[in-house]
Amino acid sequence: MTGTPDLTDLIAVRRKPTRQAAERHFWAFEDTLAERTEAFADEALAGTNARRYSIDSLDVVERLFLERITSPSDLEDPATTTFFFDVFRYLGETILRTSGGHWEWEELWETDAQGAGLPFIRVNSSESFDTGGTLNIYTTLLGAAGTRTGTYFRELATAVLESFGGTGPIELTSGWRAMALPDPTHANPTLRTFLSEQTAELAALETTYPEIAPLDNTHESLDRIEQWLLHRYPDTQSLTADVENLDLVRVARAIAATFVALGGGRIYVVDPEQMKPVRASTPKDAYPYVQRVSEHGLAGYPHHTWTYLRTSVKVKAPGSPLPPRSGKNLRHELELYAAEDIEN
């Protein structure tokens with residue numbers, strides 16, 4: 001597996017990056033998180049009986065980690081650094097899929113602690129939205145390498161679960177606690193409004209940009225949307241500068257609707273009131289998430305449509321099977337979304 005250059009560069013220099021660089025590292029991390037973590041799980045757990053993202057599977061992963069990481073100098077090898085971040089992702093995702101929560105970056109960056117600038121996880125509590133506490137995955141990996149008990153990951157994940165509880169009546173992965181409800185609209189007025197306005201917002205987009213029409217939830221409509229994006233945004237910087245554009249939010253709405261129509265699942269948006277105890281609202285909160293849900297009530301990874309927009313227009317695509325700006329990225333992302341194995 002190839003590494004993520006932004007992340008490997010960050011750990012190689014071992015110093016706090018600028019805010020802009022840290023945000024760039026985080027988006028690179030999120031762009032490849034689901035695909036990279038699944039690929040690592042396939043390799044690490046092959047030939048074992050461990051269920052992926054289970055607490056039991058952490059024993060297998062930690063054993064591999066301790067075999068590979070024996071001293072700080074090991075991280076000077078790019079392949080070992082790539083492996084380090086594969087374990088980083090897998091450990092974080094396992095805790096999130098067990099106790100709920102999501103990845104962040106900014107709060108840790110504002111400190112001078114080890115790993116400042118790297119992603120960390122915020123775990124849910126049973127009482128309220130995303131208030132259980134934060135966990136620095138970087139220092140956790142350093143602790144495991146230092147103590148070499150072989151049970152460090154398991155003990156940590158178990159302690160988090162015992163402290164903050166499980167994910168809710170619907171088992172969610174690294175998603176929002178409100179999505180653990182059978183009907184998230186009951187707990188999220190912003191989502192109710194978003195869904196009630198969906199038809200009118202998509203009609204307005206078709207009227208303004210007839211070249212996109214019809215928005216009929218087909219693969220071909222994704223192609224038209226992607227060409228619209230490529231024509232307007234030469235890179236991710238120009239896309240980010242336009243984040244408050246209502247038409248861009250409408251495009252994200254159309255992507256979400258198509259993914260759910262063709263791949264199943266549901267749409268979710270962040271409620272600013274729920275987020276107040278955690279962080280200030282940002283313009284990206286207007287962009288919906290999509291999340292698959294199995295017939296047995298298991299919920300998959302919440303995919304942010306803003307990430308899909310960035311993937312479509314970015315100039316460099318390390319680790320992607322598709323060339324950048326190919327016009328085929330949305331179809332590829334839909335295939336990955338629809339094929340996600342929620343049950344295992």
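Summary table below
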read-out: Qualifying residue in the range 120-134 (condition: farther than 15 Å from Arg97 by Cα, modelled with pLDDT of 55 or more and hydrophobic (A, V, I, L, M, F, W, C)); value: no
read-out: Any hit, the range 112-134, residues being touching a residue at least 24 places away in the same chain (Cβ under 8 Å) and closer than 15 Å to Tyr152 by Cβ; value: no
read-out: The range 12-53 - residue that is over 18 Å from the mean Cα position of the chain (by Cα) and of a type in the set (Ser, Thr, Tyr) and, of those, modelled with the highest pLDDT; value: Thr48
read-out: Given (1) at pLDDT 95 or above; (2) surrounded by fewer than 20 Cβ atoms within 10 Å (Cβ to Cβ); (3) within 24 Å of the chain's Cα centre (by Cα), index of the condition Gln237 fails; value: (1)
read-out: Checklist (1) under 30 Å from Arg279 (Cα atoms); (2) modelled with pLDDT of 90 or more applied to Trp103, failing item; value: (2)
read-out: Residue match in the range 289-306 (condition: assigned to a helix (DSSP H, G or I), modelled with pLDDT of 80 or more and within 21 Å of Leu205 (Cβ to Cβ)); value: yes
read-out: Scope the range 51-81; condition free of Cβ contacts under 8 Å to residues at least 60 places away in the same chain and closer than 26 Å to Glu335 by Cα; matching residues; value: Ser54
read-out: Residues located in the range 267-288, provided they are hydroxyl-bearing (Ser, Thr, Tyr) and either assigned to a helix (DSSP H, G or I) or at pLDDT 90 or above (or both); value: Tyr287
read-out: Members of the range 35-50 that are of a type in the set (Gly, Ala, Ser), closer than 25 Å to Glu333 by Cβ and without any contact (Cβ under 8 Å) to a residue 24 or more places away in the chain; value: none
read-out: Test result for Arg36, buried (at least 21 other Cβ atoms within 10 Å of the Cβ) and among the basic types (Lys, Arg); value: yes
read-out: Failed item, numbered, when Val243 is tested on (1) within 27 Å of Glu340 (Cα to Cα); (2) in a loop (DSSP other than H, G, I, E, B); value: (1)
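Rundown of residues vs (1) outside the structural domain of Phe85 (by TED's automatic domain parsing); (2) closer than 30 Å to Arg68 by Cα; (3) modelled with pLDDT under 60; (4) assigned to a helix (DSSP H, G or I), yes/no style:
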site	(1), (2), (3), (4)
Gly143	no, yes, no, yes
Gly150	no, yes, no, no
Glu155	no, yes, no, yes
Thr158	no, yes, no, yes
Leu172	yes, no, yes, no
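The values are calculated or read from the model by the stated rules, or taken from the named source; none is laboratory data. Since we're looking at a predicted model, the values are computed, not measured. Virtual Cβ from ideal backbone geometry, glycine too; neighbours counted across all protein chains shown.
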